[in-house]
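Reading through the structure tokens given below for one structure.
The values are calculated or read from the model by the stated rules, or taken from the named source; none is laboratory data. Here the structure is a predicted model, which is why all the values come from computation and not from measurement. Neighbour counts run over all protein chains shown; Cβ positions are idealised from the backbone, glycine included. Accessible surface is based on the protein model in full, side chains and every heavy atom, while ligands, DNA and RNA are left aside. Shrake-Rupley method; radii C 1.70, N 1.55, O 1.52, S 1.80 Å.
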Amino acid sequence: MTNLAFLIPIALFMGAAGLAAFFWAMRSGQYEDMDGAAARILIDEEDTEQ
Amino acid sequence: MNTLAAPVATDEGAISTTRFTVPGMRCAGCIAKLERELPKIAGVNGARVNFSAKRVAIEHDEGMREDDLAEAILKLGFEAQQVEDNPLGQEVAERKTLMRALGVAGFGMMNVMLLSVSIWSGAEGATRDLFHWLSALIAMPVIAYAGRPFLASAWMALKHGRTNMDVPISIGVVLATALSLYETITGGPHAYFESAVMLLFFLLAGRALDAEMRTRTRAEIGALLGRMGKTASVIGPDGSTRRLPARELEPGMLVLVAAGEALAADGEVEQGASSIDNSMLTGESAPERIGVGSAIHAGAINITAPIRLRLTRTAEDTAIAEIARLMDEAGQSRSQYVRIADRASRLYAPVVHTLAALAFVGWMIAGAGWHQSLVIAIAVLIITCPCAMGLAVPTAQVVASGALLKRGLLVKDGSALERLAEVDVALFDKTGTLTLGEPRADIAELDSKARSVALALAQASRHPLSKGLALTLREASVAPAPVSDISEHSGQGISGQWNGMRVALERPGNAEEGLAAALVIGEHHHVLHFTDPMRSDCAATLATLAKHGVDASILSGDRHAPVEHAAKQLSIPFAAEASPQDKLAALASLKDQGRKPLMVGDGLNDGPALAAAHASIAPSTASDASQQAADAVFIGEKLFPVALAVRVARRTMAVVRQNFGFAIGYNVLAIPLAVFGYVTPLIAAIAMSLSSLVVVANSLRLASSAKGNAP
């Protein structure tokens, strides 16, 4: 029972943190362009520094 | 992430953001090219590509014109059209609400399930009560938040005396929650919070998929009313000109129409002679010669020389507006189509309610006590939850439209696939549909130097022939030569200096060359001939359609001879010189015979027919109004997406029918078990989830449906 007093709040906290992260990602537009994110990794960034 | 901000004022002047749709982008290289090259242009501060929506947002000084930006994108090798500022705001908001609700429901589902599993594993007494209370604490706000889309919709339906799929869901969730709360307060052994939350999660997943499909595809058709003349240069009594927006034009005004300009109103030529490109309105491919007294309609593009025009009809009275009105009326008849999901829910909801109510009453009469009776009734509501039903259509359609999108066909919404699957006869417009609709030059005789000079000249002009020439040359991977001092003379051509020689693209010497231009390099003259070539895979597309039992024919507004020529090449029947009204009549007579016609066309004159046909497809080069009227839009030079659309739509409907069949079979098995009290709400929730997963898995089979068989 004493274990539960720790574990349940921790589980809930972690769940809530995940939810908060999801909301943050939604707000910052990370779900706006899913295909683009997959393609962008192929762009050679060094060229932009020229 | 360098997301683009709203317009901000800086020292150098105001910055504004313009959005373009660029359907041609295909890969990471295109993203890099656009984002790297555009900011190098003076006045452009930044560019950000949204690859999913095939759009680019350009941040630029306020002084820059949209046309210049579009031109700059074209120079990078992409066709672009301006998009009105976020026309999708409302749908994006709806999708975001659903996504948030889904996230919250997922969070609640996982945590409540954690506690529920502990209880089923044997937690008792105080621990069980504590877990029930914790579950309630998590579930109540989660249900209140994530349940809103359903509760609101169910409330609206009930208020108007109707019922929809959301009503049994809402009743099930509310009852399950209330009963669980009662159990928790009285320290009872069972609470069903996890069932209620899980139900919401799966339903929201279906809704979110449905919304996703609509926004994803509609985003690409956002470029509305872009290329039609929006302004005109009005000549004042003192001879000065000023630009007026189309809506402020009035009959009787004298306007100056420059070469390459699109007309904003109907009028009569008062001075000058030129040719116009009337293909948007009539489907006629060759330029039309006009002189003093000729009547010209809005939407036509003046090609060769500047003319003065006395306006006759403006704004709402133009021929275009008349067509738009026809289109609107034709569209009304199609909007009465009832989607499969709605038809199913109409039957489904009352049946489920009645069953649950009967189960409750039956058990009460049998003397089971109100508590047990209610538990059984809830189990009936949950196990028959229309989850599988709710997912049956959207999952199949999302997967199918995603597969089609990869092959260059954008389906505008789910009902379009349902209607596409039913078509049994196809009518094609000719110009721009069976043919590419834009002149392509014959460049076989040019050597590589002449080609690069021609490209340098052609890409500097907006003349339709120059555009066609530039496109042909770019396709042949020609690089432009360094031509300097380029200048364009309206109606004459374009000239410049290259290696100390005069180079030019001009009107050919002898007037009647048809569609032709002369390339001058120093002393050499090459005459370039232009044709409007047939799409390369017309025959293969028609053959595939025929295999699906869809007869094809041509229904064109073009002149008799070219239509007959095209029809003979494809050996299909044809009707030429059809006005928008004629096309509507042809469709109406087909419908009277009980056929379901598919209209494929691009011209504005096809608009009413596109709206009236059972289903319709337009190429992405079509006039904006036509794209809006069509159910689907295909990108690129191949016609095959049309046949693919029919094939995939049929497979989709087959999968949808399987899904419904499964959902009904599942219910037939599950309902008796629930009614006779063998199922607790927990088992009901698990069975329901499993049935949803089966439906989703079945729909995923469509992912490969658009593959193969492309010519």
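Mind listing just one residue for me: the one in the stretch B:478-499 that is in contact with a Leu (Cβ under 8 Å, 6 or more places away or on another chain) and part of a strand (DSSP E or B) and, of those, most open to solvent (accessible area, probe 1.4 Å)?
B:Ile486
Quick one: which residue in B:Ala539, B:Ala518 is within 30 Å of B:Arg451 (Cα to Cα), without any contact (Cβ under 8 Å) to a residue 60 or more places away in the chain and small (Gly, Ala, Ser)? Step through it out loud before you land on a result.
On the way: B:Ala539 fails: within 30 Å of B:Arg451 (Cα to Cα).
Result of the check over B:Ala539, B:Ala518: B:Ala518.
Give the residue that is farthest from the chain's Cα centre (by Cα), with candidates limited to residues of the stretch B:93-110 that are open to solvent by less than 20 Å² (accessible area, probe 1.4 Å) and facing another protein chain (nearest Cβ under 10 Å).
Of the stretch B:93-110, the ones open to solvent by less than 20 Å² (accessible area, probe 1.4 Å) are B:98, B:101, B:103-106, B:108.
Those left that are additionally facing another protein chain (nearest Cβ under 10 Å): B:103-104, B:106, B:108.
Details: B:Gly103: 27, B:Val104: 30, B:Gly106: 30, B:Gly108: 35 Å.
Looking at the filtered set, the residue picked out is B:Gly108.
Show me the strands (runs of 3 or more DSSP E) found entirely inside the stretch B:17-83 where at least 1 residues are at the interface with chain A (Cβ under 10 Å from one of its Cβ atoms).
Values: elements: B:44-50, B:55-61, B:81-83.
Counting at least 1 such residues, we get B:44-50, B:55-61.
Can you work out which of the residues in the stretch A:29-38 that are facing chain B (nearest Cβ under 7 Å) and either small (Gly, Ala, Ser) or closer than 20 Å to B:Leu137 by Cβ (or both) is nearest to the chain's Cα centre (by Cα)?
A:Gly29
Being farther than 16 Å from A:Ala16 by Cα and touching a residue at least 12 places away in the same chain (Cβ under 8 Å) is the filter here, so list the residues in the stretch B:117-135 that pass it.
Of everything in the stretch B:117-135, those that are farther than 16 Å from A:Ala16 by Cα and touching a residue at least 12 places away in the same chain (Cβ under 8 Å) turn out to be B:Ser118, B:Ile119, B:Trp120, B:Arg128, B:Asp129, B:Phe131, B:His132, B:Trp133.
Does the stretch B:111-156 hold any residues that are closer than 13 Å to A:Leu12 by Cα and open to solvent by 70 Å² or more (accessible area, probe 1.4 Å), and which are they?
Of everything in the stretch B:111-156, those that are closer than 13 Å to A:Leu12 by Cα and open to solvent by 70 Å² or more (accessible area, probe 1.4 Å) turn out to be B:Leu114, B:Leu137.
Could you grab me the full set of residues in the stretch B:237-256 that are more than 15 Å from B:Thr314 (Cα to Cα) and open to solvent by less than 30 Å² (accessible area, probe 1.4 Å)?
none
Of the numbered conditions (1) open to solvent by less than 20 Å² (accessible area, probe 1.4 Å); (2) farther than 22 Å from B:Ile73 by Cα; (3) in a loop (DSSP other than H, G, I, E, B), B:Ala444 fails exactly one; give the number of that condition.
The one condition B:Ala444 does not meet is (1).
Applying the selection to the stretch B:517-531, what residues are over 28 Å from B:Pro562 (Cβ atoms) and either part of a loop (DSSP other than H, G, I, E, B) or open to solvent by 80 Å² or more (accessible area, probe 1.4 Å) (or both)?
Of everything in the stretch B:517-531, those that are over 28 Å from B:Pro562 (Cβ atoms) and either part of a loop (DSSP other than H, G, I, E, B) or open to solvent by 80 Å² or more (accessible area, probe 1.4 Å) (or both) turn out to be B:Gly522, B:Glu523, B:His524, B:His525.
Within the stretch B:361-375, count every residue that is outside any helix (DSSP H, G or I) and closer than 20 Å to B:Glu183 by Cα.
Total satisfying the criteria: 2.
May I ask you to list the residues in the stretch A:1-18 that are within 20 Å of B:Gly106 (Cβ to Cβ) and open to solvent by 70 Å² or more (accessible area, probe 1.4 Å)?
Matches in the stretch A:1-18: A:Ile10, A:Phe13, A:Met14.
Residues that are closer than 27 Å to B:Pro439 by Cα and touching a Phe, Trp or Tyr at 6+ places or on another chain (Cβ under 7 Å), at least 2 per element: which strands (runs of 3 or more DSSP E) completely within the stretch B:573-663 meet that?
The qualifying strands (runs of 3 or more DSSP E) are B:615-619.
Tally time: how many residues in the stretch B:532-556 are open to solvent by 20 Å² or more (accessible area, probe 1.4 Å), under 17 Å from B:Gly432 (Cβ atoms) and either among the basic types (Lys, Arg) or part of a loop (DSSP other than H, G, I, E, B) (or both)?
Summing the residues that are open to solvent by 20 Å² or more (accessible area, probe 1.4 Å), under 17 Å from B:Gly432 (Cβ atoms) and either among the basic types (Lys, Arg) or part of a loop (DSSP other than H, G, I, E, B) (or both) in the stretch B:532-556 gives 3.
Within the stretch B:60-75, does at least one residue satisfy the condition of being basic (Lys, Arg), over 21 Å from B:Cys30 (Cβ atoms) and modelled with pLDDT of 75 or more? Reasoning before the result, please.
Taking the stretch B:60-75 as the starting set, the residues that turn out to be basic (Lys, Arg) are B:65, B:75.
Cutting the leftovers down to over 21 Å from B:Cys30 (Cβ atoms) gives us B:65.
Filter once more, so that each one left must be modelled with pLDDT of 75 or more: B:65.
Yes, the conditions are met somewhere in the stretch B:60-75.
Looking for something of a type in the set (A, V, I, L, M, F, W, C), modelled with pLDDT under 75 and not in a helix (DSSP H, G or I) - is there at least one such residue anywhere in the stretch B:689-707?
yes
So which residues in the stretch B:452-477 are open to solvent by 60 Å² or more (accessible area, probe 1.4 Å), touching a residue at least 24 places away in the same chain (Cβ under 8 Å) and more than 15 Å from B:Gly260 (Cβ to Cβ), if there are any at all?
B:Arg474, the sole residue that qualifies.
Got a sec? Which helices (runs of 4 or more DSSP H) wholly within the stretch B:124-209 have at least 2 residues that are among the aromatic types (Phe, Trp, Tyr) and either away from every other protein chain (no Cβ under 14 Å) or under 13 Å from B:Met109 (Cβ atoms) (or both)?
The qualifying helices (runs of 4 or more DSSP H) are B:148-159.
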